[in-house]
1. Return yes when Thr155 is β-branched (Val, Ile, Thr) and surrounded by 13 or more Cβ atoms within 10 Å (Cβ to Cβ) and no when it is not.
2. Would you mind finding the one in Lys23, Lys82 that is under 26 Å from Tyr191 (Cβ atoms), at pLDDT 90 or above and over 15 Å from the mean Cα position of the chain (by Cα)?
3. Which residues, taken from region 198-224, are small (Gly, Ala, Ser) and either surrounded by fewer than 15 Cβ atoms within 10 Å (Cβ to Cβ) or in contact with a Phe, Trp or Tyr (Cβ under 7 Å, 6 or more places away or on another chain) (or both)?
4. Out of the helices (runs of 4 or more DSSP H) lying entirely within region 74-171, which hold 2 or more residues that are of a type in the set (Gly, Ala, Ser)?
5. Collect the residues in region 41-62 that are in a helix (DSSP H, G or I) and more than 14 Å from the chain's Cα centre (by Cα), keeping them in residue-number order.
6. Just to verify a result, which residue in region 49-72, among those that are among the aromatic types (Phe, Trp, Tyr) and modelled with pLDDT of 90 or more, is nearest to Ser9 (Cα to Cα)?
7. Using the structure shown, decide if Gly71 is loosely packed, with under 11 Cβ neighbours inside 10 Å, without any contact (Cβ under 8 Å) to a residue 60 or more places away in the chain and not hydroxyl-bearing (Ser, Thr, Tyr).
8. Of all the residues that make up region 15-40, how many are of a type in the set (A, V, I, L, M) and outside any helix (DSSP H, G or I)?
Amino acid sequence: MNKAIIIGSGIAGIATAARLLAKGYDVSVFEAAKETGGKIHSFEMGKYRFDAGPSLFTLPFLVDELFEDLGENPRDHFNYLKKNVHCQYFWNDGYTLTAYADLKKYSEEINQKFGIGKKTLEKYLLRSKNKYDLTKNIFLTKSLHSASTYFSMETLKAIVSLKKLDIFKSLHSTNKRFIKEKHLVQLYDRYATYNGSNPYETSGIMSMIQHLESHYGTWIPQGGMVEISKSLTSLIQKKVLRFFLIQKLKKSLLLVIKYQELFQMDNNLMPIMSFLTWTSTIATVNY
């Protein structure tokens, strides 16, 4: 049986573990923290629990797929509710905005608060939708490590439409060009933070992210965002996938990471040396 080691159990590491497990790999996951989930975590204050990571859940079907890959009904393990309001926005100058999930109500709210007409908003949202439609099959549904991804009609269509993607413009300049109103520009600039960037440096193609909210909606898992990682971790542990939480292992495991080599020594496992690349690192070995 092929064996795989994954370093890091954030949502990317958990998802990778689930997919490899579904393909028949013997998977071990190593995590430096005391629990899985990475940025998806929570903390308690008194009798209350708070999500400390992401607060909006989009494209829930991608999480459902992980359960389905493992032969499970997602609803037996993980459930979520659709939100009627994506976010509430507040500015220091007293302006507020309710980002309704209903596009008509959202458009009316923007017109009432900032005087932006329906056609202006629709034009901006349509451009964001087109960016998503042009690139989703390249980046979301296909492997970037496969040559067929680049030699496809989807890729050719995206290249021909390169100007529409605003790749060589910043997100801020793209938003300012189409929206103009400073509060809304600031609102749509915030989507750069989804990948840890800032709107003055990241590409204008990032305006597609808000399309996920405005078109597909936002959701909240029952039990909070932390249930995404908790439910998946619980399921794949039942399927004999091994999670090693380093803080809990004490001296039973020695992990030494040096340059691009991983040496693992454990009484129950054979020594392994494998090539590593960080960010939910995967090392596959045969022994």
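1. In short, yes.
2. On the way: Lys23 fails: under 26 Å from Tyr191 (Cβ atoms).
Unique residue meeting the criteria: Lys82.
3. The initial filter retains those residues of region 198-224 that are small (Gly, Ala, Ser), namely 203-204, 207, 214, 217, 223-224.
Correct list: Ser207 only.
4. Details: elements: 103-114, 118-139, 147-150, 153-160.
Because the criterion is at least 2 residues that are of a type in the set (Gly, Ala, Ser), the helices (runs of 4 or more DSSP H) in region 74-171 that meet it are 147-150.
5. none
6. Top of the filtered list is Phe67.
7. yes
8. Here is the first cut: in region 15-40, the ones of a type in the set (A, V, I, L, M) are 15, 17-18, 20-22, 27, 29, 32-33, 40.
When the remaining residues are screened for being outside any helix (DSSP H, G or I), the result is 27, 29, 32-33, 40.
So the count comes out to 5.
The values are calculated or read from the model by the stated rules, or taken from the named source; none is laboratory data. Owing to the predicted nature of the structure, the values given are computational and were not obtained by experimental measurement. Backbone-built Cβ (ideal geometry, glycine too); neighbour counts: all protein chains shown.
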